[in-house]
Amino acid sequence: MKHTLAVLVENRPGVLTHISGLISRRAFNIESIAAGYTEEADTTRITVVVEADEIELEQVVNQLSKLVDVIKITDLTAMDAIHRELALIKVKASVETRSDIVDIVDIFRAKIVDVNRETMVIELTGEETKIDALCEVLHEYGIIEIVRTGKIALSRGPIPAKEL
Amino acid sequence: MRMTGAQAVVESLKKEGVEIIFGYPGGAVLTLYDALYESEYPHILTRHEQGAIHAADGYARATGKPGVVMATSGPGATNLVTGIATAYMDSIPLVVITGQVAVSLIGRDSFQEADIRGITTPITKHNYLVKKGDELPKVLKEAFHIAMTGRPGPVVVDIAKDVFAAEIDFYYPEKVELRGYHPLYEGDEGVLERLAVEMEKTRKPVLFVGGGVNLSDTAPEVRALVELTGFPLITSLMGLGAVPDDHPLHFGLVGMHGTYAANMATTECELLIGIGVRFDDRVTGLLEQFAPKAKVVHFDIDAAEINKNVRTDIRVLGHLKWSLSKLLDILRDKCDCEALQEQMRPWLSQLNDWRSENPLSYEARAGQVMPQAVIEIVDELTQGDAVIVTDVGQNQMWAAQFYHFKNPRSWLTSGGLGTMGYGLPAGLGAQVGCPHKKVVVITGDGGLMMNCQELDTVAKFSLPVKIMVLNNQVLGMVAQWQRMFYGGRYAHTNLEGRTDLVKLAEAMGVPGMRVTQPDEVRRTLQEALAMPGPVLVDFRIPSDEDVMPMVPGGARLDQMVMGGK
C-alpha cells in the first residue's frame with residue numbers, strides 16, 4: 001500500500017542528494033517526493049509517498065532515519081491528515097471548446113490562471129485522485145503538458161509532525 | 001586563537017588524540033601538508049592513495065581507534081573510493097580528509113576537480129564539503145563523533161583549497177549537537193526479560209556471533225554468555241576471534257565455506273540468537289530456507305539491520321555492551337543456569353557428532369605445498385596470537401578455516417565488500433597501530449599485485465610485516481567457480497605467474513623467500529617469523545586446490561559440498 005511520510009531534515013546543502021541517493025540505492029519504490037521550507041528557517045520538510053508493505057516500510061523509515069541530517073520521520077498514512085497536491089495543466093482551448101472547459105473547471109473547483117487564443121492553463125489543488133480525474137476529463141480537448149508538485153500532507157489538530 | 005584553516009585541521013586532530021595520519025599529498029592539500037610539516041605530525045606516506053586508506057582501515061580494525069586519511073582533490077580522492085566502500089561495508093571508523101579545488105572553482109570542471117561528496121554519499125556514514133574556515137573545527141568534531149559512535153563507519157570531510165589558507169578563530173567544541181543523530185545506547189529491558197524466558201525453554205539454541213562483537217569490544221560478554229548458558233556458538237567471517245576457536249562450545253564459521261557442524265546447527269536449531277550480525281547472503285545461503293525451524297533473535301545497534309534480510313522474532317536494539325551485560329544480569333538473577341547447561345546435553349552431543357563426522361580437512365598431495373598446511377603451521381608457530389590480515393578469495397577462506405583465532409581484533413579481512421588488494425596495505429596499517437604484535441598478511445598472487453607498491457612503504461618504515469603469498473598463479477576463487485560451475489572454462493583467471501615475487505619484494509627493499517617443497521614450509525616460516533623486519537614468502541601451491549566445504553550460490557546451508565578427506 002501507499003504510505004505518506006513527513007520527513008523533517010536539516011536545511012543544508014546536500015541533504016536532498018543524501019535522501020534521493022539512499023532511496024535509489026536501496027531500490028525503494030517512491031511515488032513522489034516534495035520538499036520545501038518550514039516554520040523554522042533551519043528545517044526543511046520533505047513529503048515522501050512510498051509504495052511498500054509493512055516490512056519494506058520499516059526499512060525505508062529505519063534507513064532514512066540513519067541519515068545524520070534527518071531529524072524526524074512521521075508516518076501520516078493512518079493519521080487524520082490533509083493530503084494535497086497542486087497541478088498545472090495546459091490544455092488546447094479554441095473558441096468552440098473554451099466554454100466547455102470553463103464549465104469543467106468550475107465543477108472541479110479548479111482555477112484558470114492563463115488564457116490565450118489557443119490554450120488555457122488550469123490550476124488545481126486536491127487529492128491525487130481528483131487531479132487524475134480532471135486530467136482524464138480534459139484529455140479529449142488535448143492536454144499539451146502537465147506539471148504536478150507531488151503530494152504534501154499535514155496532520156489535523158494542534159500537534160506538529162515534529163512532536164508526533 | 002587565530003590560525004589558518006590548515007593549522008586548525010592539525011589542532012583538531014591533536015584534540016582528537018590522532019596518533020598518525022595515512023596519506024598522500026597533492027596540489028589542493030599543499031597548505032595542509034605545510035601545516036603537517038610545521039607541526040611534525042606523524043604521517044605515513046604510502047605509494048598510492050588506495051594503500052593509505054586500506055592502511056588506515058587496518059589500523060582502525062587492529063586498534064579500535066579511528067583511522068585518519070588525507071588525500072588531494074580529484075584523482076587523489078577518487079583513488080580512496082574502494083577503501084571507503086570497504087570500510088563502510090564492515091562498519092570501520094575512518095575520518096577521510098580530502099582537498100577540494102578552491103571555492104571559486106567548484107562546479108567548473110576545474111583541474112583535479114571531482115565531486116567526492118557526491119561520489120561517496122552511498123558509501124559513507126556521513127560526508128561534508130567545507131567552504132568556510134570557521135566551520136572547520138565543528139565539522140571535524142562531528143566527523144570523529146559520527147565515525148566512532150553508534151554503528152561506526154567512514155566519514156569524508158572535503159575541504160576547499162582556499163579554506164586551508166583562511167585565517168580563523170580556533171575554538172574546538174566540547175560537545176556535538178546534531179538534531180538528527182542520537183546513537184542508541186540503551187534499548188528496551190523488557191525484551192531481554194522475554195528473551196531470557198525463551199532461552200530457558202529452548203533445547204536447541206545457537207549463538208551466532210558477528211563482527212559487531214569485535215567492533216564493540218564485547219568479546220568478554222559473549223564469552224561469559226557462552227559459559228553461563230552452555231549454548232553452542234558459531235560465527236560469521238567477521239565474528240572470528242570473539243571467542244577462541246578452540247573453545248569446546250565453538251563450532252566454527254557458518255555460511256558458504258562454513259563448517260558442517262555450524263551449517264547443520266543453523267538448519268536444525270530452534271532458537272538462533274544473532275549478535276552483531278548482518279545476515280549477509282554469504283551466511284544465509286538460500287534466504288527463504290535459512291534457519292527454517294528457528295525463532296530468530298537479533299541483537300544490533302542499528303535498527304535498519306532488523307528485518308533487512310531475515311525476519312526477526314525478537315529484536316534487541318542497543319549497544320551490545322548494554323544489552324549483553326543486562327542479559328547476563330537477568331540470567332544470573334532469574335535462571336537456573338546449571339539446569340540450562342544440563343538441558344543442552346543432547347543438542348551438544350548432536351553438534352559434536354556433526355563436528356567429528358565432517359571436520360574441516362584437506363587432502364595433502366605428495367610433493368606439493370598445501371595452502372591449508374601453510375596456515376596450520378603459521379597458526380602453530382604464532383600460537384594463534386598473531387594479527388592475521390588477509391586478501392580476498394581462497395587465501396582468505398583458508399586463513400579463516402585453518403587459523404585458530406584466540407583474540408578479538410586479530411582477524412582483519414574485507415568481509416562485506418570483498419576487496420582484493422586489501423591485505424598488504426591493511427597489514428601495514430595494523431603493524432603501525434600495533435608495533436609489538438606479530439602481523440601476518442595472508443595473500444594471494446592476484447591480491448598482492450593489486451597493491452604491491454606498498455612493499456616499498458613497508459620497507460621504508462621498517463614495518464616487520466610477514467607477508468605470506470599463497471601463489472597458485474591463478475585467480476583462485478574465481479577459477480574454483482569456473483571449475484565447479486562453468487565446466488572448467490578458465491576465462492582470464494590464469495595469471496601465468498611470470499613475475500618473480502621474490503625479486504619484486506627485494507627490488508622494493510623487502511627480503512624475499514620461496515617455498516616449493518612441503519618439507520621447506522616449517523623451516524622457512526620459522527626463519528621468516530624470527531626475522532626482525534619485513535619479509536615476503538612466495539609459497540608455490542597447486543593451482544587447482546578448492547576451498548571446501550562449499551554451499552553453492554542459492555543453495556540451502558545443509559546442501560553443502562563437502563570435499564576434503
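The values are calculated or read from the model by the stated rules, or taken from the named source; none is laboratory data. All of these numbers come straight from a predicted model, not from anything done at the bench. Every residue, glycine among them, receives a Cβ derived from its backbone with ideal geometry; neighbour counts consider all protein chains shown. SASA here: full protein model, heavy atoms, side chains in, ligands and nucleic acids out. Shrake-Rupley method; radii C 1.70, N 1.55, O 1.52, S 1.80 Å.
Overview of results
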| quantity | calculated |
| --- | --- |
| Every residue from the range A:40-53 that is within 12 Å of chain B (Cβ to nearest Cβ) and either more than 24 Å from residue A:154 (Cβ to Cβ) or of a type in the set (Gly, Ala, Ser) (or both) | A:53 |
| Any hit, the range A:99-122, residues being outside any strand (DSSP E or B) and hydroxyl-bearing (Ser, Thr, Tyr) | yes |
| Residue count for the range B:121-144, restricted to those that are among the aliphatic types (A, V, I, L, M), over 25 Å from the mean Cα position of the chain (by Cα) and within 14 Å of chain A (Cβ to nearest Cβ) | 3 |
| Sole residue being part of a strand (DSSP E or B) and closer than 27 Å to residue A:25 by Cβ, chosen from A:125, A:74 | A:74 |
| Candidates B:118, B:107 - the one that is at positive phi, without any contact (Cβ under 8 Å) to a residue 60 or more places away in the chain and within 14 Å of chain A (Cβ to nearest Cβ) | B:107 |
| Check on residue B:414, among the hydroxyl-bearing types (Ser, Thr, Tyr) and within 19 Å of residue B:86 (Cβ to Cβ) | yes |
| The listed residue being in a strand (DSSP E or B) and either more than 20 Å from residue A:38 (Cα to Cα) or not aromatic (Phe, Trp, Tyr) (or both), out of A:83, A:139 | A:83 |
| Qualifying residues in the range B:1-28 (those that are under 30 Å from residue B:465 (Cα atoms) and hydrophobic (A, V, I, L, M, F, W, C)) - the one nearest to the chain's Cα centre (by Cα) | B:22 |
| Matching residues, the range B:223-244, being farther than 12 Å from residue B:409 by Cβ, aliphatic (A, V, I, L, M) and open to solvent by 10 Å² or more (accessible area, probe 1.4 Å) | B:224, B:228, B:237 |
| Restricting the range A:28-39 to residues that are exposed (fewer than 14 other Cβ atoms within 10 Å of the Cβ) and closer than 21 Å to residue A:77 by Cα, the residue that is farthest from the other protein chains (Cβ to nearest Cβ) | A:36 |
| Considering residues of the range A:54-107 that are among the acidic types (Asp, Glu) and more than 14 Å from chain B (Cβ to nearest Cβ) only, the residue most open to solvent (accessible area, probe 1.4 Å) | A:96 |
| Pick from the range A:1-22, criterion in contact (Cβ under 8 Å) with a residue 40 or more places away in the chain, more than 17 Å from the chain's Cα centre (by Cα) and more than 9 Å from chain B (Cβ to nearest Cβ), ranking: surrounded by the most Cβ atoms within 10 Å (Cβ to Cβ) | A:15 |
| Selection count where residues are over 19 Å from residue B:394 (Cα atoms) and open to solvent by less than 30 Å² (accessible area, probe 1.4 Å), scope the range B:466-500 | 0 |
| Flag for residue B:433 being open to solvent by 10 Å² or more (accessible area, probe 1.4 Å) and farther than 21 Å from residue B:514 by Cβ | yes |
| Residue within the range B:505-517 that is in a loop (DSSP other than H, G, I, E, B) and within 25 Å of the chain's Cα centre (by Cα) present | no |
| Qualifying residue in the range B:70-90 (condition: surrounded by fewer than 18 Cβ atoms within 10 Å (Cβ to Cβ) and not in a helix (DSSP H, G or I)) | no |
| Any strands (runs of 3 or more DSSP E) falling wholly within the range B:135-222 and containing at least 1 residues that are open to solvent by 30 Å² or more (accessible area, probe 1.4 Å) | B:167-169 |
| Test: residue in the range B:535-556 that is open to solvent by 70 Å² or more (accessible area, probe 1.4 Å) and closer than 30 Å to residue B:287 by Cβ | yes |
| Output for the range B:293-319, where each listed residue is touching a helix residue (DSSP H, G or I) at 6+ places or on another chain (Cβ under 6 Å), open to solvent by less than 10 Å² (accessible area, probe 1.4 Å), in contact (Cβ under 8 Å) with a residue 60 or more places away in the chain and not β-branched (Val, Ile, Thr) | B:299 |
| Unique residue being under 19 Å from the mean Cα position of the chain (by Cα) and of a type in the set (Asp, Glu) when the list is A:75, A:69, A:53 | A:75 |
| Residue within the range B:294-303 that is closer than 26 Å to residue B:414 by Cα, out of contact with any Leu (no Cβ under 7 Å at 6 or more places or on another chain) and of a type outside the set (S, T, N, Q) present | yes |
| Residue match in the range B:415-423 (condition: open to solvent by 10 Å² or more (accessible area, probe 1.4 Å), at pLDDT 95 or above and in a helix (DSSP H, G or I)) | no |
| The range B:9-29 - residue that is within 21 Å of residue B:132 (Cβ to Cβ) and touching a strand residue (DSSP E or B) at 6+ places or on another chain (Cβ under 6 Å) and, of those, surrounded by the most Cβ atoms within 10 Å (Cβ to Cβ) | B:28 |
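To keep it simple, each residue is scored yes or no on (1) modelled with pLDDT of 95 or more; (2) within 14 Å of chain A (Cβ to nearest Cβ); (3) touching a Cys at 6+ places or on another chain (Cβ under 6 Å).
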{"site": "B:275", "(1), (2), (3)": "yes, no, no"}
{"site": "B:281", "(1), (2), (3)": "no, no, no"}
{"site": "B:284", "(1), (2), (3)": "no, no, no"}
{"site": "B:287", "(1), (2), (3)": "no, yes, no"}
{"site": "B:301", "(1), (2), (3)": "yes, yes, no"}
{"site": "B:317", "(1), (2), (3)": "yes, yes, no"}
{"site": "B:320", "(1), (2), (3)": "yes, no, no"}
{"site": "B:328", "(1), (2), (3)": "yes, no, no"}
{"site": "B:332", "(1), (2), (3)": "yes, no, no"}
